[in-house]
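In what follows, a single structure is set out as structure tokens and then discussed.
The values are calculated or read from the model by the stated rules, or taken from the named source; none is laboratory data. These figures come from a predicted structure and were not determined experimentally. All Cβ positions, even for glycine, are placed from backbone atoms using ideal geometry, and neighbour counts span all protein chains on display. All accessible areas refer to the heavy atoms of the entire protein, side chains included, with ligands and DNA or RNA removed. Shrake-Rupley method; radii C 1.70, N 1.55, O 1.52, S 1.80 Å.
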Amino acid sequence: MFGKLKEKLKSALNVFSTKTEEEADDIPQEEVDKVLEDAGVAKEVEEKEEAVEEVKEEEKVEERESISKDEESTEKEEVVEKKEEVEEKDDLVQEEEKEEPQPEVIEDTESKDSDSSPKPAEKEIDEEEAHKIIEDANKSEPFIADDESEEKEDIPTSTQLVEEAKKHYAKEEEERKARKEEQKAHFAENIVDEVVAEETKVVEEAVVEEKKEEPDVIVSEDSESSTEPEEKKGFFSKLFSRKKKEEVAEEKEDVISEEKEKPIVEEEKSVEKEVVEEKEPVTEEKIKEPVTEPKEEVQEEKGFFSKIKQSLTTKTINEDKFNDLFWELELVLLENNVSVEVIEKIKEDLKEELVGKPLPRDILAKINEVLKRTLTEILTHDPINLLEKANDKKPLIIAVFGINGAGKTTTIAKLTNYFKQHGKSVVLAACDTFRAAAIQQLEEHANKLDVKMIKHDYGSDAAAVAFDAVKHAEKEQLDVVLIDTAGRLHSNTNLMAELEKLIRVTNPDLKLFVGESITGNDCVEQARKFNELVEMDGAILTKADVDEKGGAPLSISYVIKKPILFLGVGQNYEDLEVFDRDVMLTRLGF
Ligand SMILES: Nc1nc2c(ncn2[C@@H]2O[C@H](COP(=O)(O)OP(=O)(O)OP(=O)(O)O)[C@@H](O)[C@H]2O)c(=O)[nH]1
Ligand SMILES: [Mg+2]
């Protein structure tokens, strides 16, 4: 009984609660601001946000400075390397010069400033050596022979020779220095280009990375938000986004500092003290500054915001999303004979609890709680206890109404059995004079149950039969008069007029609508129409034993706003169950 609705409701609610959680938005900025303002932290948050922005700006400036320092240091390193190269070349040249049978090297004192390689000791050139140099030169340069006669006539003095040799080596030294300077400049140019290119690449990569990461932090936004991501981002999304930016900045700094530290370590090993001293401020001060201080700030910010985050539930659901999500649950309810009115009621109650409010941790439990509350409300009416009523009034007159085949006659027989079981005397009124076999059918039940039945002929006035039955009950001091009526549709005006007459004549204490629970919304619709015409006091739902859906009791109870007294749960007399709201809710899974 009602198993289908129970099962389907269960799965639909599971799906509903899961989807509600999935589709939930971040709390709108205004709402969070309000909560924060209430908590007295809104201003603090604003200040912290501004502080973070400032730190970011400083980081960027420092980053650029660091890069230019790096550029400088790298340039210096290259220069030092080049220097080493040049020195090596010098050494080679000197060695070559030594190998060539040259005179003792006469070093220009100026070269000491720029050339750090070990230099041969400066010697005084004596006359003998000077002659030897000239002789060697003459040997290797035969063209001098043309002027041999002149030279022989004017042989240079030793002082002249020495001066000449000095000039020669000084010139050579100058040329070498010029070459070195040129090479230095060339290397510096290359280094600048490389560093600039590297810096551009790092910055570009960081920007691309930021762009990639930004869309990921916009969680579950409305479709509008895609066009205005900045404005629509939720509070925590914004924080998360900033955290990403901070991480990117940190990564950039790490990359830069790594690149800077490498050459510096090498420099420290190989470069002369003079050069190292120039670079030290770059390593100790300029690089460490931007890396350490902002990190402390960032950690502080994370701690602060995470505390706020923990104090709030982060998700809400808006009305449009709720309606979308409710649609599936609505279908399940409709399929299970829950009327449109009841579905609307359930929807409104759920909406009130879920839309625009922070989603509870256990969403399914919350939905169950709301549903149970709604259904309990629907099924709660002033109870009608037939036995108590029978005690209070004698005879208690009960008339049943409903469409054809709903189970009126069978229910009359079951009620007879019920009253008899509880010691009440009963008389039956065979008021279905419209259908030929109806009187006979009721008579059989009366005989089996051993109760008196009042009948007239087929086609006679139903109201007159009912009147006779009441008179009989009054005369015989019977407790209860049960009036069986012909089945009819609300659209059958003649039969409905007959019904009105019967009620007017007998004035029943209880007018009960009998409906088949398995016909679902048809049954509900009939109940509504009967109730409009003749106000019902309650309902009995038959065939509940074969009703797997279970929505009808909810629907009829809600439509006629009256209690359900019994459920027919079989074809035997005892298959009449007193309706119990809590049992019904348990059967529906609540
Ligand atoms: N399974 C089951 N069958 C029932 C129940 N109540 C009635 N029936 C069956 O439903 C059929 C119709 O019952 P009736 O009592 O004749 O219905 P009615 O409303 O009197 O029909 P009309 O007099 O033609 O309007 C019968 O076969 C009954 O046995 C019930 O609670 N469960
Ligand atoms: Mg009948």
Take every DSSP beta bridge whose two residues both sit in the stretch 386-587, then give the antiparallel share in percent to the nearest 5.
10 percent
Could you tell me what percent of the accessible area of the stretch 386-587 is made up of carbon and sulfur, with a 1.4 Å probe and every protein chain present?
44 percent
Sort 423-429, 443-449 by the packing proxy (mean of other Cβ within 10 Å over each peptide's residues), most packed first.
423-429, 443-449
Taking every other residue with Cβ under 15 Å from the Cβ of Val524 and scoring Lys and Arg +1, Asp and Glu -1, one gets -1
Let a ≥ b ≥ c be the square roots of the eigenvalues of the Cα gyration tensor of the stretch 365-439; is it rounded (a/c under 1.5), or, if not, prolate (a/b larger than b/c) or oblate?
oblate
Peptides 519-532, 365-378: what's the order by average Cβ count within 10 Å, highest mean first?
519-532, 365-378
Go through 394-407, 346-359, 562-575 and give me the packing order, highest mean Cβ count within 10 Å leading.
394-407, 562-575, 346-359
Would you mind working out the accessible area per residue for the stretch 386-587, using a 1.4 Å probe, and quoting it in Å²?
42 Å²
